[in-house]
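The values are calculated or read from the model by the stated rules, or taken from the named source; none is laboratory data. This structure is a prediction, so every number in the text was calculated from the model and none was measured. Ideal geometry is used to build each Cβ from the backbone, glycine not excepted, and the neighbour counts take in all protein chains shown.
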Amino acid sequence: MRLTAYADKWTVQQGETLSFHVNCDGPAEYDAELVRLVHGDTNPLGPGVKEPRVKSPANGTYAGRQQVIHSGSYALVPDAGPLRVESMTLQCWIWPTMPTKADGYWKPGPQAIMAKWSNGRGYGLFLEEDGRVSLRINDHTIVSQFPVRDRAWHFIAATYDAVSGSATLYHEPQITYALDPVPAPVEQDLGGSIEHGDIPFVISGRIDRRDSGQGGVSHQPMGWIVGDHYNGKIDSPRLCNRALTRLEIEQMKLGGAAGMDEGRSLGPSGHLGAALVAAWDFSEEISGCRIVDRGPYRLDGQLVGLPARGMTGHNWSGRETDWRRAPGEYGAIHFHDDDVDDARWDVDFSLDVPADLPSAVYAMKLTAGDDDEYYVPFFVKPPLGQFKAKIAVIMSTTDYMAYANEHLGTNAGAAELLFYRTPIMQRPNLFLTEHREYGNSHYDVHGDLSGVHMSSRLRPVLNFQPKYDSWLTQAPWQFNADLHLIDWLVEMGYEFDVITDEDVSYDGLARIEGYNVLLTGSHPEHKDGYYLDAIHAYKERGGRFMYMGADGFYWRQTFHPSYPRGAVTEIRRCESGIRPWHADPGEYHHQSDGRLGGMWRFVGRQLHSVAGTGMAAQGFDISTYYKRTVESNDPRVSWAFEGVEYDERLGDFGLVGGGAAGAELDTVDTTLGSPPHTLLVATSAGLHTDAYLLVTELFGINAAGLNGTQHPRVRADMAYHETPNGGAVFAFSSIAYCGALSHNGYENNISRITSNVLNRFMQDGPLRPPEDTAVARGRLESDPELNYQGTVGD
Amino acid sequence: MYKIPQDNAVQEEMLETVRSSVEMLRGVAGFSVVDTERPGSAIEPHGGIQDDMQLDKVLIRMRASSLDAYGGKLIIVCTKPDEEWRIARLTSVRGVAPTFVDERVFSDEQDAQAEVFRMRLEEFPSEDGMPEHFHQGYKRPGADNWGPV
C-alpha cells in the first residue's frame, strides 16, 4: 500500500475545515476526489459499492511525498546546562518486558533506558541486545555481569567520576531466586571527559538524529528522531552531578523532596541535595503528557507516544489498586516501542466543508494509477443545536478507534478458533504485519505482550475504509458494516443526519435532543460515560432509540484529556468480559480520568439497561434467522410486524454470515437490566452452530454445554420497550442484522420490520402505548414457572 | 491431545465433508464445516462439526496450533477482491510478513478453506501435546491474546 492517509478530524461540522495528511510512497502524484459513501460492501451478491462523487475545490491532483510514522513512546527533556554533567550518577528501577528480541523483529537493537547519548557522545543507561544492562560514556560501554529477567523489577545505577576516570555499574534484582547468580558491581577505568552536544535527555530511548529535512519539526517534537526504544517500565529516574557512593545512591532513592528552608533540605539530605540534577516523579500528572522533575532545575519533560501511566511501581504493595489513592506506589511508566499517539504528518491539503453540504458519510478518495487507492472517511454533521432531519444515525467512532489497525488475525494464531475457519486476510492486514509503526488497536497486545490501552485516530486507520472485509466475519465489520445501514436508509428514501459517538460524548444531549429517533451502528460496543448519560437523558425525555446491532455499551472508554477532542481513547480490560488481554493487577484505573475501567456492567451500568438487550454469545462462522414469539402479537408492539406473517423466518439471508442473526448476539435479561416491561418479540434460539459460545461473564464455573447447539442463552432476541414521556427502544440484537437489509432489492422481512419501527419512531410527538398496559411488574414475574421452581439441583 | 487419524480412508472422508461444506456455502459471506438446507445458504446447519465429533476435534486441534507450528500457520490471502485468493503462512515475528506457500490462485474463497485443511492433514503429526512432547513453551503459554502466540 503506497497510499495511506488520515484527516485531523473524523467528524466535522458544516462550515468547518478538515485537513488531510497523506503518505504517497512512490508515485509522484495522486488524485483526490470527494465522495459520499453509501455502501462499501464489495460482495457481488449485494448492491455493490456506492460512492457518488461530490464536486469540491479540494478535488484535484497533488504532489506525492513519503511521510513516515515514528512510533515508540519516550520522554524528552530539552538540553540544559545542568544536564551536561562532568561526573554523574544515573539511577532508576526498571521492569523490562522485552530484554531480548526475536530474530527478524521489526525494531532490532539495544534499548536505551535513559540517555543523553548519540553517535558515541554523551552518557546513558542501556539494555544491550543480550539483555544485559550497560553504561555508555561516549564510545565506551560497561556491561553488567548478567542479563535482566523480563517482568521483574531491577534497581540499576551507574556512576562516572571525571577526575579519576572511573565508572561503576550496579544491577540489583529486586527479587532473587534460589539458583540466581549473585550480581556484583562492575568497575572500569574509562578516563576522559563526557562529550556533550545539544541533544535532549531522553527516557526510554536515545536521540538518533535531528531531522532537518522537510517536515522534520512536525515529525517529532523539536525535530529530534528517537531510536533504541525501550520496552517496559521505568520508575524513579534520577540524575546527579557527581559519582555517588553506594550508600548515597541508596539514599538518593528517596528522590527530590521539596526543600522547606528551615524545615528540610532539598533532596534526601543537604549534602546529597547539592548533587541532585533531576529526580523525575512519574506519579505526578498521570493524566497528562509531561513528566515532572522534583529537582531544583525543573527539568520537566514532554511525553511522546502516550505510554501507559498509572502503572504499578517497584514498591506497589497491593493495599490500594487505584493510583489516585496511593500515587507514591504508581511511579512507573510503561513504555512500548510501538506506541503511537499522533503520526504528526504534515498537511497536504484541506477541505472547507460547505455549510450546505448535507450531513452524511463522506470520504476523500485518493488514487494513484490503477493499483493505489485509499479512502479517508469522515462524517459531516449539522451545527450544534440544529437538527436537519427527524432521524440521526450515530456512527460508532469510538468503536472504529477500538478496532483501529487491529492485528488479531495475524498476531493471535488461535483467533482462528473464534470463527471456526481459516482467516481470509486483506491487503491492509498484510501491510500491518510489516508496518508495525502504524500502531495497534485495543484488541492487540504490544510487542512485549502487554495490553494496548490507548488508541489514536491521528494516524492512518486501514480498517476504517469502505471495501474492507474483516477476517473475523469474511464480510464487512464495524465501519464498512455500518454502511449497510446507511445504504438502506438512502435507498428507502429516509432523510437523516449523521453524527458520531464523539459528538454525543462531547456535546451531550444538545447534540441529539432535537431528533425523533436515533439509530446506532451494527456494533456500538465501546462507549464513554458521557455518551451513556446523553442517551439515557434522551430516552427519558421521550426520544426513540433503535439499537441496530449487538454487543453494545459493553466496555468503558475514556477520551484522553491531553489530546484534541476525540483524538485518543483509552480502555482497561479488567476482570470480566471477552478480553483479548488482561490488565495487570493494580492497573485497572484509566490514566485519563483515574476511574475504574472494564465492563460498564461491573461499574453499575448494565448493558441491557441501555437498549433492552445485552451481549450473550458470539460466533463468527455463519449466521441464522429469527422467529417471532407470542409477545410479537402484543398490541404494544404488533405494529412492528405489519406485513410479516407469524411463521416467517426473519432474515434467513444476508451479507454477514448468510443470515440476520449472527456474529455477536444479545438477549433480554430482566435480571441484568432489561426493563421489566420489555417485550421479547423474536429470537434465534436454538438455530446457531457450535462456533457460537456463551460469553464468559455469564457463567462463573466453566462447564460443558456453552455452545450454540446446547446452551439456551446462545441466541439473539429482538426486543421492544417503552421509555417515559412517549419514548421507546427497539433492539435488533445481532451484529449481522444490518447486512440483511438490502436482500432482494430491499424488499424482505428484515427491511419491513425495520421500516415499521423507524416509521413509528420518527413520528412527531410522544408515542402512546395502548391503555391498561401500566401494571406493576417484578423482574422475575415474566416466567414464574421457570423462575420460582427453585435452584438448580432441587 | 486428540489424535489426528492417519488412516487414508478416514482422512479422505473428513476432507470430503469439508469439500461438501465448500459446495454448500459457496456465495455465503462466511464459512463453517456444515451442510445447510441448500447450496448458497447458511440456514439450518447440520452434519459436519455439528454431528461429527472426530472431525470437530481434529479441526479444533489444527485451529489452536501456534503461529509458528509446522512452518507457520496457514492463512488465506485475498489478492484481488472477490476474485482471487492464495494460501500463505504466518510468521510469529512482528515485522515479518506472511509468505505465499506456492503459486496457486483460487477463484473462490471457500475452495481455499478445503485446501488448507488438506495441507494440514499432511503436515500435522498424529499426536501432539502429550508429556513426551514437552518443550519449554509448556512453562510459558505466552500472552492471553486469544490463544497461543
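Here is a check on your reading of the model: is B:Arg63 facing chain A (nearest Cβ under 10 Å) and either hydroxyl-bearing (Ser, Thr, Tyr) or within 30 Å of B:His133 (Cα to Cα) (or both)? Judged against the criteria, B:Arg63 is a match.
Once the stretch B:1-39 is narrowed to residues that are among the polar types (S, T, N, Q) and in a loop (DSSP other than H, G, I, E, B), the residue that is farthest from the other protein chains (Cβ to nearest Cβ) is B:Gln6. Being of a type in the set (A, V, I, L, M, F, W, C) and touching a Ser or Thr at 6+ places or on another chain (Cβ under 7 Å) is a description that applies to A:Val380.
Restricting attention to the stretch A:168-195, the residues being in contact (Cβ under 8 Å) with a residue 60 or more places away in the chain and surrounded by 17 or more Cβ atoms within 10 Å (Cβ to Cβ) number 3. All of (1) within 9 Å of chain B (Cβ to nearest Cβ); (2) closer than 21 Å to A:Asp41 by Cα hold for A:Ser450 with one exception: (2).
Listed by position, the strands (runs of 3 or more DSSP E) contained in the stretch A:69-172 that have at least 3 residues being of a type in the set (A, V, I, L, M) are A:74-77, A:88-96, A:111-118, A:132-137, A:154-161.
Quick check on the stretch A:75-110: of everything there that is touching a Pro at 6+ places or on another chain (Cβ under 8 Å) and crowded, with 20+ Cβ neighbours inside 10 Å, which residue is nearest to the other protein chains (Cβ to nearest Cβ)?
A:Lys101
Whenever a residue of the stretch A:259-286 is within 22 Å of A:Leu83 (Cα to Cα), its partners that are among the basic types (Lys, Arg) and surrounded by fewer than 21 Cβ atoms within 10 Å (Cβ to Cβ), lying with C-beta atoms within less than 6 angstrom and at least six residues away or across chains, give the pairs A:Ala275/A:Arg242; A:Ala279/A:Arg294; A:Asp281/A:Arg294.
Across the stretch A:663-681, the qualifying residues are those that are polar (S, T, N, Q) and assigned to a loop (DSSP other than H, G, I, E, B), and the one among them that is farthest from the chain's Cα centre (by Cα) is A:Thr678. Scanning the stretch A:11-52 for residues that are outside any strand (DSSP E or B), over 19 Å from A:Gln67 (Cβ atoms) and among the hydrophobic types (A, V, I, L, M, F, W, C) turns up A:Leu37, A:Val38, A:Leu45, A:Val49. Against the numbered list (1) more than 9 Å from chain A (Cβ to nearest Cβ); (2) out of contact with any strand residue (DSSP E or B) (no Cβ under 8 Å at 6 or more places or on another chain); (3) modelled with pLDDT of 95 or more, B:His133 comes up short only at (3).
Residues considered: A:Leu672, A:Leu687. Of these, the only one that is aliphatic (A, V, I, L, M), within 14 Å of chain B (Cβ to nearest Cβ) and touching a residue at least 12 places away in the same chain (Cβ under 8 Å) is A:Leu687.
Among the residues of the stretch A:420-438 satisfying the criterion of being touching a helix residue (DSSP H, G or I) at 6+ places or on another chain (Cβ under 9 Å) and more than 7 Å from every other protein chain (Cβ to nearest Cβ), which is surrounded by the fewest Cβ atoms within 10 Å (Cβ to Cβ)?
In this case the residue turns out to be A:Phe431.
For the stretch B:45-60, a tally of residues being buried (at least 22 other Cβ atoms within 10 Å of the Cβ), within 11 Å of another protein chain (Cβ to nearest Cβ) and either part of a helix (DSSP H, G or I) or at positive phi (or both) returns 3.
The set of residues in the stretch B:89-98 that are modelled with pLDDT under 95 and more than 7 Å from every other protein chain (Cβ to nearest Cβ) comprises B:Thr91, B:Ser92.
Considering A:Val217, A:Val143, A:Val186, the condition of being farther than 30 Å from B:Arg140 by Cα and modelled with pLDDT of 95 or more is satisfied by A:Val186 alone. Among residues belonging to the stretch A:650-662 that are touching a residue at least 60 places away in the same chain (Cβ under 8 Å) and not in a strand (DSSP E or B), point out the one that is surrounded by the fewest Cβ atoms within 10 Å (Cβ to Cβ). Step by step, filter the stretch A:650-662, then rank; the result is A:Phe653.
Does B:Asp102 meet the test of being out of contact with any helix residue (DSSP H, G or I) (no Cβ under 9 Å at 6 or more places or on another chain), surrounded by fewer than 19 Cβ atoms within 10 Å (Cβ to Cβ) and either closer than 29 Å to A:Tyr438 by Cα or without any contact (Cβ under 8 Å) to a residue 24 or more places away in the chain (or both)? Judged against the criteria, B:Asp102 is a match. So which residues in the stretch A:196-207 are within 39 Å of the chain's Cα centre (by Cα) and either surrounded by fewer than 19 Cβ atoms within 10 Å (Cβ to Cβ) or part of a loop (DSSP other than H, G, I, E, B) (or both)? Listed by number, the residues that qualify are A:Gly197, A:Asp198, A:Ile199, A:Pro200, A:Ser204, A:Gly205. Quick check on A:Glu16: is it surrounded by fewer than 17 Cβ atoms within 10 Å (Cβ to Cβ), touching a strand residue (DSSP E or B) at 6+ places or on another chain (Cβ under 9 Å), in contact (Cβ under 8 Å) with a residue 60 or more places away in the chain and not aromatic (Phe, Trp, Tyr)? Yes; evaluated as a whole, the condition is true for this residue. Considering only residues of the stretch A:396-412 that are in a loop (DSSP other than H, G, I, E, B) and polar (S, T, N, Q), which is farthest from the other protein chains (Cβ to nearest Cβ)? Selected residue: A:Ser396. B:Ala114 falls short on exactly one of the conditions (1) under 10 Å from the mean Cα position of the chain (by Cα); (2) more than 7 Å from every other protein chain (Cβ to nearest Cβ); (3) surrounded by fewer than 17 Cβ atoms within 10 Å (Cβ to Cβ), and that condition is (3).
Just checking, how many residues over the stretch A:513-554 are part of a strand (DSSP E or B) and under 18 Å from A:Tyr720 (Cα atoms)? Of the residues in the stretch A:513-554, 7 are part of a strand (DSSP E or B) and under 18 Å from A:Tyr720 (Cα atoms).
If you go through the stretch A:616-639 one residue at a time, do you hit one that is away from chain B (no Cβ under 12 Å), more than 30 Å from A:Arg768 (Cβ to Cβ), in contact with a Phe, Trp or Tyr (Cβ under 6 Å, 6 or more places away or on another chain) and not in a helix (DSSP H, G or I)? Within the stretch A:616-639, one or more residues are away from chain B (no Cβ under 12 Å), more than 30 Å from A:Arg768 (Cβ to Cβ), in contact with a Phe, Trp or Tyr (Cβ under 6 Å, 6 or more places away or on another chain) and not in a helix (DSSP H, G or I).
Only a single item in (1) without any contact (Cβ under 8 Å) to a residue 24 or more places away in the chain; (2) crowded, with 24+ Cβ neighbours inside 10 Å is not met by A:Gly305, and it is number (1).
In the set (1) farther than 24 Å from A:Val445 by Cα; (2) touching a residue at least 60 places away in the same chain (Cβ under 8 Å), the condition left unmet by B:Lys57 is number (2). Considering the conditions (1) facing another protein chain (nearest Cβ under 10 Å); (2) more than 30 Å from B:Gln136 (Cβ to Cβ); (3) in a helix (DSSP H, G or I), B:Ala42 is excluded by exactly one of them, (3). The single residue among A:Arg319, A:Arg290, A:Arg246 that is at pLDDT 95 or above, surrounded by fewer than 18 Cβ atoms within 10 Å (Cβ to Cβ) and under 26 Å from the mean Cα position of the chain (by Cα) turns out to be A:Arg290.
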